[in-house]
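The values are calculated or read from the model by the stated rules, or taken from the named source; none is laboratory data. Fair warning: this is a prediction, and the values are worked out from it, not measured in the lab. With ideal geometry, Cβ positions are generated from the backbone for all residues, glycine too; neighbour counts draw on all protein chains shown.
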Amino acid sequence: MGNTFKTAFLLTAMTLLLMLAGRAFGGQRGMLMALIFAAVLNFVSYFFSDKIALAMYRAQPISRDDLPRVYNIVERLSQKVGLPMPKVYVIPTDSPNAFATGRNPNHASVAVTHGILGLLNDEELEGVLAHELGHVRNRDILISSVAATIAGAITFLAHIARWGMIFGGYGGDRDERRGGGAIGAILMLFLAPIAASLIQLAVSRSREYAADDTGAHWTGNPYALASALGKIDAYSRRVPLVASPSTAHLFIIQPFLGGMSFGNLFSTHPPTAKRIERLTGRPAEFTQ
């Protein structure tokens, strides 16, 4: 199933889900409001999902003068494989990680954390950036970005519905509000796993293997990427990047989900040891 079809499927499924929820809680008027909201969310997801993801992690744009080490690697790799030069960002955190986002190769962005720059040598950093550009070339970035926006919106709406009902946001007497609170809690339990399931359907774990393979092929050095993955995995356990479950799939290594009750449902990364084994042809050895 191509990423274009997956994107259309995800947007359609989200629209129908919101319309059903709107009809359940507001009848025809609720369904119409949900349809309007879904149309706005579809537009925002397609055109602005990358900016939302970057803003969530306070990513700052950089130029060649700001950080020539990263900029030059991205520029060299882009020219080598015939990709447009993406925008480059730095995320102000000591936890090592990286991600790519955007709706197509002409509107792509690559972000790295401060932490990854001090942890990796140049060959390892090149492997990571080649992996992220692999996502751009493989056109994973649109579906990943749209999925992040939709999952975040659905989970947020579930929270709003839950607390709005508990505190009487829908009017009615105390008994009705108490019943509404119960319904809202059920809605939260129902919608969050559906949002997670949509992510799982749209963003398969195989995309990380594919980006690993692409990055290793472009650099000609799979061992450097394997070494980088091992370092990032080990160090991020000590200095975790606390991420929203709805955007965790964007990163090269699964970040810490902050104890979210539904966090395990959003696990979209294959085990790092398996990725290293595929790259090197031998079992990974971790030093915890």
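Scanning the stretch 229-239 for residues that are under 9 Å from PRO96 (Cβ atoms) and among the hydrophobic types (A, V, I, L, M, F, W, C), which turns out surrounded by the most Cβ atoms within 10 Å (Cβ to Cβ)? So the residue we want is ILE232.
Flag: ILE276 matches the condition of being part of a helix (DSSP H, G or I), at pLDDT 90 or above and either surrounded by 17 or more Cβ atoms within 10 Å (Cβ to Cβ) or under 17 Å from the mean Cα position of the chain (by Cα) (or both). Out of ILE62, ILE73, ILE141, ILE116, one residue alone is β-branched (Val, Ile, Thr) and either within 16 Å of the chain's Cα centre (by Cα) or surrounded by fewer than 17 Cβ atoms within 10 Å (Cβ to Cβ) (or both). It is ILE141. Listed conditions (1) within 20 Å of ASP212 (Cβ to Cβ); (2) without any contact (Cβ under 8 Å) to a residue 60 or more places away in the chain; (3) among the β-branched types (Val, Ile, Thr) are all met by VAL88, apart from (1). Residues in the stretch 76-85 that are touching a residue at least 24 places away in the same chain (Cβ under 8 Å), surrounded by fewer than 18 Cβ atoms within 10 Å (Cβ to Cβ) and outside any loop (DSSP other than H, G, I, E, B): LYS80, VAL81. Of a type in the set (S, T, N, Q), in contact with a Ser or Thr (Cβ under 8 Å, 6 or more places away or on another chain), at negative phi and outside any strand (DSSP E or B), is that true of THR93? For THR93, the condition - of a type in the set (S, T, N, Q), in contact with a Ser or Thr (Cβ under 8 Å, 6 or more places away or on another chain), at negative phi and outside any strand (DSSP E or B) - is met.
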